[in-house]
Amino acid sequence: MTDLMEKATKDVDFMINTFIENHPDKDEIIKWYIEGPGEKGFMWCSTTEKYKKDLETVVLNMGYDSSGYGWFHRLLQQQIIENNKD
């Protein structure tokens, strides 16, 4: 589990500091993570917006599928919320 947490920590850092920071819909992505995905959770929420499709592609390409997909999004969400506290 330690190796997975180390990978996830590095991947969260990449997502926030590289992918999201340079994404044209950065503000929308941050807002979405702060508000949360709704009752369906990250695995089953609508991905009709381009930025959600982009996030889905990158997260899956990192190897987070099945239950790991939702878990990684929650880690990302927690860090984004922490980074955006007033």
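Values quoted throughout were computed directly from the atomic coordinates according to the rules given, and no laboratory measurement underlies them. A quick note: this is a predicted structure, and the numbers were derived from the prediction, not measured. We place every Cβ from the backbone using ideal geometry, glycine too, and count neighbours over all the protein chains shown.
Put simply, the C-alpha atoms of the range 2-83 give a gyration tensor, and the ellipsoid matching it has half-axes of 17, 15, 12 Å, longest first. When each of 75, 55 is scored by the number of other beta-carbon atoms lying within 10 Å, the sequence from fewest to most is 75, 55. Counting beta carbons within 10 Å around each of 62, 43, 15 and listing the fewest first gives the order 43, 62, 15. At most 10 other Cβ atoms within 10 Å plus a DSSP loop assignment makes a site exposed; report the longest stretch of the chain without any exposed trypsin sites (Lys or Arg not before Pro). For trypsin sites (Lys or Arg not before Pro) (loop position, at most 10 other Cβ atoms within 10 Å), the longest site-free span of the chain is 41-84. Sequence-distant contacts, meaning Cα pairs under 8 Å at least 6 residues apart, place the relative contact order of the chain at 40 percent.
Between residue 31 and residue 61, what's the calculated FRET efficiency when r is the beta-carbon distance and R0 is 35 Å? Round to 0.05. Efficiency computed from Cβ-Cβ geometry: 0.90.
Multiplying the residue separation of residue 9 and residue 48 by 0.36 nm and removing their Cα-Cα distance gives an extension gain of 11.3 nm.
With the charge dipole of the chain set up from +1 on Lys and Arg Cβ and -1 on Asp and Glu Cβ about the Cα centre, the Cα lying farthest toward the positive end among the listed residues 42, 75, 24 is that of 42. By the rule of a C-alpha distance below 24 Å, with chain neighbours fewer than 8 residues away ignored, the lysines paired with residue 31 are 10, 40, 50, 52, 53, 85.
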